[in-house]
Amino acid sequence: QMCIRDSINAEYGGAFLSFSSLRNMEKDVVQIDGSILEGGGQVLRNSVALSGLLAKPIQVQNIRAKRKTPGLAAQHLQGIKFVQELYNAKLEGAAVKSTDIYFEPNEYTKREKFVVDTHTAGSTCLLIQISLPCLLFGAKKIEVQYKGGTDVVNAPPVDYFRYVFRPIAALFGVTFDFTLNRRGFYPKGNGHVTLITNPLKSLSPISMLEQGEIKEIQILSFVSGSVPSHVSQRMNRAAKAILSKFFDASKVTYKEEAKAETSDTSFGNGAGILIIATTTTGCVFGSSAIGELKKKSEDIGQEAANHLINNIKLGGCV
């Protein structure tokens, strides 16, 4: 390795190349700038998942560079470590606040059960996001217990995963068993979901070219802990009031649910709303909002409704 490095240095006028730089050149490591676009965790999650699937080593730098607290948080760290376990991968730089990691996948795991726990309110859905592609294209059925926050800000809530993502994924031939065991919220988390994947060799092609007309809207809300039950009802009313002004009531069927979670089904205080709109062409749209301290119930419902309307106005199919 020293001889190779010396010859390269000579070629470039004696400029020193570190062993990490040399390694990257020898192994054709894909270099990824984590600050591109929004500069958040999505670049990292996609990169690590694709590294495993394509069996290509990567180096990700400037991780979450555009966030208030750059670098890895607990959720990102546990997600990367889980994919490391799946591929028996070499992983460097894996620490909270780290802005640079090296990931080199190896052989796929022989294990069939895993537990992934952020020990915080880090999003369980984002843990699923980084690992689901790797699980689906594995060689066997795998059961994973994800623990953390199920309904937290800046992440898709668990109901979006269940009722919006899942039916769309099914069109591609993606199937899995999913159980919401317990909701968890900021700051303590303690949510718990179970995912059991069914392996597949390829995705089925689909065609979704026409948005169609909205035919059904479901408004689903919940409260937990000491949050009074009327909060979910107020969220629903506020959301429906906004939606009714935009959609033709004679053509849309509304379904509503306002649920009060118990200590068996959730941990801590929390509230949230999910709105699901389905169309005549089979499209499924979803929007959500999470309750926060000093945030009015009506504001939460209106936020989710306006988000849905704005998405549909764009004319897309997902």
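The values are calculated or read from the model by the stated rules, or taken from the named source; none is laboratory data. It should be emphasised that the depicted structure is a prediction, and the values quoted were computed from it without experimental measurement. Backbone-built Cβ (ideal geometry, glycine too); neighbour counts: all protein chains shown. Please note that ligands, DNA and RNA were not included when accessible areas were found on the heavy atoms of the full protein model with its side chains. Shrake-Rupley method; radii C 1.70, N 1.55, O 1.52, S 1.80 Å.
Can you check what the net charge comes to around Val284, using other residues whose Cβ is under 12 Å from the Cβ of Val284 (Lys, Arg +1; Asp, Glu -1)?
Once all neighbours under 12 Å are counted, the net charge is +2.
Pairs of alpha-carbon atoms within less than 8 angstrom and 6+ residues apart define the contacts here; what relative contact order does the range 65-222 have, in percent?
21 percent
In square angstrom, what is the accessible area per residue of the range 80-209 with a 1.4 angstrom probe?
That works out to 47 Å² for each residue.
If Lys and Arg each add +1 and Asp and Glu each add -1, what is the summed charge of the other residues whose beta carbon sits under 12 Å from the beta carbon of Val43?
Numbers: positive: Arg45, Arg64, Lys66, Arg67; negative: Asp33, Glu38.
Summing Lys and Arg as +1 and Asp and Glu as -1 gives +2.
Do any of Lys188/Lys255; Lys97/Lys295; Lys245/Lys296 go past 24 Å between their Cα atoms, and which?
Lys188/Lys255; Lys97/Lys295
Per residue, how many Å² of accessible area does the range 236-318 show with a 1.4 Å probe?
Per residue, the range 236-318 has 53 Å² of solvent-accessible surface.
Pull up the cross-link candidates among the aspartates and glutamates for Lys294, meaning alpha carbon to alpha carbon under 19 Å and not fewer than 8 places away within one chain.
Excluding near neighbours in sequence, the set is Asp151, Glu303.
Averaging sequence separations of C-alpha pairs under 8 Å and six or more residues apart, then dividing by the length of the chain, give the relative contact order as a whole percent.
Relative contact order here is 13 percent.
If one computes the Cα centroid of the range 131-151 and of the range 36-88, what distance in Å separates the two points?
16 Å
Please give me, ordered by residue number, the trypsin sites (Lys or Arg not before Pro) of the range 109-188 that lie in loop per DSSP and have at most 15 other Cβ atoms within 10 Å.
Sites meeting the loop and neighbour criteria: Lys110, Arg111, Lys140, Lys141, Lys188.
Among the GluC sites (Glu not before Pro) in the range 205-251, which ones are in a DSSP loop with at most 16 other Cβ atoms within 10 Å of the Cβ? Mind listing them?
Numbers: sites: Glu210, Glu213, Glu216; in loops: Glu210, Glu213.
Here the GluC sites (Glu not before Pro) that fit, given the DSSP loop and packing criteria, are Glu210, Glu213.
Within the set Lys66/Lys240; Lys113/Lys259; Lys201/Lys259; Lys81/Lys140, which residue pairs have Cα atoms separated by over 27 Å?
Among Lys66/Lys240; Lys113/Lys259; Lys201/Lys259; Lys81/Lys140, the Cα-Cα distance tops 27 Å for Lys66/Lys240; Lys113/Lys259; Lys201/Lys259.
Counting only other residues whose beta carbon sits under 12 Å from that of Ser250, what net charge do I get with K and R as +1, D and E as -1?
0
Calculated FRET efficiency, Thr175 and Lys68, Cβ-Cβ r, R0 45 Å, to nearest 0.05?
Step by step, r from the Cβ atoms, then E = 0.70.
On the protein heavy atoms, probe 1.4 angstrom, tell me the percent of accessible surface of the chain carried by carbon and sulfur.
Working: 8450 of 16060 Å².
Looking at the chain in its full context, I get 53 percent from C and S.
Once the Cα atoms of helix 230-246 and of the chain are each reduced to a long axis, what angle between those two axes, in degrees from 0 to 90 to the nearest 10, is obtained?
So the inclination is approximately 90 degrees.
Using DSSP loop states and a limit of at most 15 other Cβ atoms within 10 Å to flag chymotrypsin sites (Phe, Trp or Tyr not before Pro), what is the longest stretch of the chain containing no flagged site?
It runs 17-171.
Treating the angle as unsigned and between 0 and 90°, give the value, to the nearest 10°, between the Cα long axis of helix 297-313 and the longest Cα principal axis of the chain.
Relative to the chain, helix 297-313 is tipped by roughly 70 degrees.
Mind listing which trypsin sites (Lys or Arg not before Pro) in the range 282-314 are in a DSSP loop and have 14 or fewer other Cβ atoms within 10 Å?
Loop-located and lightly packed - Lys294, Lys295, Lys296.
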